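Beneath this line is the structure, given in structure tokens, with notes to follow.
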There are 2 protein chains.
Amino acid sequence: MSDMKKYALIKEFAPSWNNCIWRALAKALIVIFTLKGSIWAQSDPWAADKAFIKSIFDRALVQRQSYTWLRDLCYGAGHRLSGSVGAEKAIRWAKSVLDTCGLDSVWLQPVMVPRWERGAPEVVEVLGTPKRKAIRLPALALGGSVGTGGKPLIGEVLEVRSWEMLDSLGKANVSGKIVFFNRPMECRHVNTFEAYGGAVDQRVHGPSRAAKYGAVAVLVRSMGLSLDDYPHTGMLRYDSAYALIPAAAISTNAAEQLSALLEKEKTVRVSMTLHCRTLPDVLSYNVIGEIRGAEVPDKILLVGGHLDSWDVGHGAHDDGAGCVQSMEVLYLLRQLGYRPRHTLRCVLFMNEENGLRGGLAYATAAEEKEEIHLFALESDAGGFTPRGFSFDADPEMIDYYYEQILHYEEVLRPYGLLFWRGGSGADINPLRGQKGLLAGLRPDSQRYFDFHHTAADVFEAVHPRELQLGAASMTALIYLIDKYGL
Amino acid sequence: MSDMKKYALIKEFAPSWNNCIWRALAKALIVIFTLKGSIWAQSDPWAADKAFIKSIFDRALVQRQSYTWLRDLCYGAGHRLSGSVGAEKAIRWAKSVLDTCGLDSVWLQPVMVPRWERGAPEVVEVLGTPKRKAIRLPALALGGSVGTGGKPLIGEVLEVRSWEMLDSLGKANVSGKIVFFNRPMECRHVNTFEAYGGAVDQRVHGPSRAAKYGAVAVLVRSMGLSLDDYPHTGMLRYDSAYALIPAAAISTNAAEQLSALLEKEKTVRVSMTLHCRTLPDVLSYNVIGEIRGAEVPDKILLVGGHLDSWDVGHGAHDDGAGCVQSMEVLYLLRQLGYRPRHTLRCVLFMNEENGLRGGLAYATAAEEKEEIHLFALESDAGGFTPRGFSFDADPEMIDYYYEQILHYEEVLRPYGLLFWRGGSGADINPLRGQKGLLAGLRPDSQRYFDFHHTAADVFEAVHPRELQLGAASMTALIYLIDKYGL
């Protein structure tokens, strides 16, 4: 039992204590409870907490509030890239829902966001030869890409499987070509996010690294572990030292097909027509709701996800799920009559996908207002069955925090939840300077990259029970940290 | 570190020991390794095992052997109820595949199995009234049900939500009616198998308990947590003291619809036409393959699933998945050049669904041949992401076993696997008299009852990575138990 737990137990009993004798007796009892193997061992000091957490899970599974909200968000707003009509609708919707949740305050936090538009659907096509017809490749322009100026860009394709290969090919071979980055995600990783982390550099840095050697455009194999026909979009980052060249992702099946064609025909020419463009920044908002703490209102426990999504599908797993789960944390605790000690705040961040402006603006404002974030939890890894939480903090603090929370893991273990050290979430990462504890919900990752940044990421791809278990797990963790502190 | 582990380490190093001094030194080193916080703590005595287990997971995820086999089984044999053509095809297929796996022996174990046939598709229809048309309800006769004699059976529907309600309604209200058991699975359970266990008594015992009060037929709400249009079949058990009346499951949506109609119209008549029938028992087989143990060949570690399925869909999750995973355990260990100490046996049981004859025949034969089963592991809970293993044994032995295997849990924890006490599997349960350890693979259960015993349980419902992680997890556990014993 942590000191905090003992402290809290003492505090809870405080109102009924009339004198020091009772207090001493209670302390002695607590000491006895904690002695391993004592005759008191069967008395579980966490019994009331376990019962409350059971009531959280019960209500989440029966009521399915997140699932209902997710349907409303997906079908009401649809996809919602920063600055789009969908994003505006989502902001209005989220505020109006939070307004009905019985919170102490709900507000919009202004933030200027980049605005990138896909325009008319892109066309990527392998040119026909006398021996075969042209082949259309399912493709999506990468977020932030320049367009092809309203006309097809045609070039010979050069397949590249590593940075070393690109560098050794050099200007002589790359110049004037369309570079095709085709290093697959490594399927050996049990955690698919590791596979993503090992391949996404091609999408982020490929365009400028190819432009450095004179490439005219880039095609990237989609970031997915399945072989299918869905192209996966996502952000690129141009290096202003080089030409800004158009870039698109093609589906994994298309990547295999293109690679096989190159093997067979040696010279393969592709035509790319991208209509995308970047417009001036526009005003948007983070959506925030909070319940003010009864005992330490100046210390904040934050829970959140990001409200923006890519401009295909519904953005259901990424990150509609995290938004509705975060909203449900406050909603469930209110419904269950829990009176939090700390201030609980739900933040739906804008612009995680292509700028992180919402997360940065939130952290800047928090610093200006001298707000203290004791804990921040983000859900942005899909609405799948929760497997646990990963925790992150300032290196000076992480051991201390980890020691404090290990007791909570024991309480959550029956729900299949484990704790480990690792990343938290992109939107809350700018808060790390505050030296609080950061965490990420970690759902089962096996199916996530079948949907991530694709037209397949729709409401129907989310399982109601899996989504609800995530909401309940987050609520239970917030409850424990609120009640017993860090 | 368990004594077994130390023993095994000593044994492994044995060939290089020339005298007692070295032996004593090695023992001392092992003691030092196990001292918590010692300067040797960073040397991990499990390092070689962890590396081998990593190679198991790598190969399973890259090669996807179970997934390829599952496709062959689902599309080659299709569904495979005991005694059907599909079951025969599956037996031939499984034997031919095991014959290519480099095992020491592969054989068929004869077993007489019941044969029940659905016949032409069943028709369950709410009769029309002057105010509305007839309504067809998606339905499947329950396994083992009698038919309606080639003609419609028509009766008034009586909805029953509990056994108490049935008993209090009694003969006066039940006689001549079609009893409609409509108690839903309890969605509060995080483990959906608990929800199933709490509702399936209606399907198993409902027909005879209704017949006791003179009911003419039974409809049962499907055993599923989703609201959808798939009826779930499954076994009923007639009590020979009462009339054998026809029984069918209707989809959960149909159950809701029928219940709403009863609320509105009070008197609702349904027509049921079931063409099912029971034929004489026929000869079938368990399919068995084994690698003979190099050190203790008389002690068997068994891994298995059941080869039969219900007669709808592909029986992909139930239990094609468990079969191909069990086959892959032996295949992977052979491929990786592992030489087992114990005899490893893969058993694909026949007739789990409607008789358990395969499991019973296997246990009887084992007893006759005085075979010792040190450990048996069944996979029969779907091809979803593995969450761990549940362990079962004779009450006298379970504490001892559990103590032995907890070390293995630490090694498997990085793969997200936990151990707990619970049931193992229906087919291996008849072996419990041998007092060995029994275990069940426990995949994530959230989606299982969306597919169980329905036409939706097809190959495409299985995710390749989830299936493969199950195969790898089973292989890793068998490896640890083989190497370090129990």
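The values are calculated or read from the model by the stated rules, or taken from the named source; none is laboratory data. Everything numeric in this text was worked out from a predicted model, so none of it was measured. Methodologically, a virtual Cβ is constructed for each residue, glycine included, from the backbone with ideal geometry; neighbour enumeration extends over all protein chains shown.
Here residue B:473 fulfils each of the conditions (1) farther than 20 Å from residue B:70 by Cα; (2) at pLDDT 95 or above apart from (1). Between B:371, B:396, the distinction of being under 22 Å from residue B:330 (Cβ atoms) and among the charged types (D, E, K, R) belongs to B:371 only. A count restricted to segment B:447-481 and to residues that are more than 13 Å from chain A (Cβ to nearest Cβ), touching a Lys or Arg at 6+ places or on another chain (Cβ under 8 Å) and surrounded by 24 or more Cβ atoms within 10 Å (Cβ to Cβ) stands at 0.
Just one of the listed residues (B:185, B:223) is within 14 Å of chain A (Cβ to nearest Cβ), within 25 Å of residue B:311 (Cα to Cα) and either outside any loop (DSSP other than H, G, I, E, B) or in contact with a Gly (Cβ under 9 Å, 6 or more places away or on another chain) (or both), and it is B:185. Screening segment A:171-182 for residues that are assigned to a loop (DSSP other than H, G, I, E, B) and of a type outside the set (Gly, Ala, Ser) and picking the one that is farthest from the other protein chains (Cβ to nearest Cβ) gives A:177. Within the bounds of segment B:331-343, is there any residue that is closer than 22 Å to residue B:462 by Cβ, touching a strand residue (DSSP E or B) at 6+ places or on another chain (Cβ under 7 Å) and not small (Gly, Ala, Ser)? Within segment B:331-343, not a single residue is closer than 22 Å to residue B:462 by Cβ, touching a strand residue (DSSP E or B) at 6+ places or on another chain (Cβ under 7 Å) and not small (Gly, Ala, Ser).
Between B:254, B:241, B:249, the distinction of being among the aliphatic types (A, V, I, L, M) and assigned to a loop (DSSP other than H, G, I, E, B) belongs to B:241 only. Within segment B:293-309, being more than 19 Å from residue B:452 (Cα to Cα) and acidic (Asp, Glu) holds for B:295, B:298. Sub-9 Å Cβ pairs linking a first residue in segment B:383-399 that is within 13 Å of chain A (Cβ to nearest Cβ) and of a type in the set (Val, Ile, Thr) to a second residue that is part of a strand (DSSP E or B) and surrounded by 15 or more Cβ atoms within 10 Å (Cβ to Cβ), at least 6 apart or interchain, are B:385/A:387; B:385/B:443, ordered by first then second residue. Evaluate segment B:313-329: report whether one residue or more is at pLDDT 95 or above, in a loop (DSSP other than H, G, I, E, B) and of a type in the set (Asp, Glu). No. Across segment B:422-446, which residue is nearest to the other protein chains (Cβ to nearest Cβ) among those that are within 20 Å of residue B:353 (Cβ to Cβ) and assigned to a loop (DSSP other than H, G, I, E, B)? Going through the qualifying residues, I end up with B:445. Scanning segment B:57-89 for residues that are basic (Lys, Arg) and crowded, with 23+ Cβ neighbours inside 10 Å turns up just one, B:80.
Conditions tested, residue by residue: (1) within 30 Å of residue B:54 (Cβ to Cβ); (2) out of contact with any strand residue (DSSP E or B) (no Cβ under 7 Å at 6 or more places or on another chain); (3) among the aromatic types (Phe, Trp, Tyr).
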{"position": "B:396", "(1), (2), (3)": "no, yes, no"}
{"position": "B:403", "(1), (2), (3)": "yes, yes, no"}
{"position": "B:408", "(1), (2), (3)": "yes, yes, yes"}
{"position": "B:411", "(1), (2), (3)": "yes, yes, no"}
{"position": "B:418", "(1), (2), (3)": "yes, no, no"}
{"position": "B:430", "(1), (2), (3)": "no, yes, no"}
{"position": "B:434", "(1), (2), (3)": "no, no, no"}
{"position": "B:448", "(1), (2), (3)": "yes, yes, yes"}
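Taking segment B:198-216 as the range and being at positive phi and crowded, with 24+ Cβ neighbours inside 10 Å as the test, no residue passes.
Here's a check for you: in segment A:422-446, which residue that is touching a Ser or Thr at 6+ places or on another chain (Cβ under 7 Å) and of a type in the set (D, E, K, R) is surrounded by the most Cβ atoms within 10 Å (Cβ to Cβ)? Across segment A:422-446, the extreme among qualifying residues is A:442.
Let's see how each residue does on (1) buried (at least 23 other Cβ atoms within 10 Å of the Cβ); (2) in contact with a Gly (Cβ under 7 Å, 6 or more places away or on another chain):
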residue	(1), (2)
A:350	yes, yes
A:369	no, no
A:379	yes, yes
A:398	no, no
A:406	no, no
A:409	no, no
A:413	no, no
A:420	no, yes
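Residues that are part of a helix (DSSP H, G or I) and in contact with a His (Cβ under 9 Å, 6 or more places away or on another chain) within segment A:198-220 comprise just one, A:203.
Does any residue of segment B:380-392 turn out to be out of contact with any helix residue (DSSP H, G or I) (no Cβ under 8 Å at 6 or more places or on another chain) and not in a strand (DSSP E or B)? The answer is no; no qualifying residue exists. Restricting B:367, B:403 to those that are farther than 27 Å from residue B:350 by Cβ and assigned to a helix (DSSP H, G or I) reduces the list to B:403.
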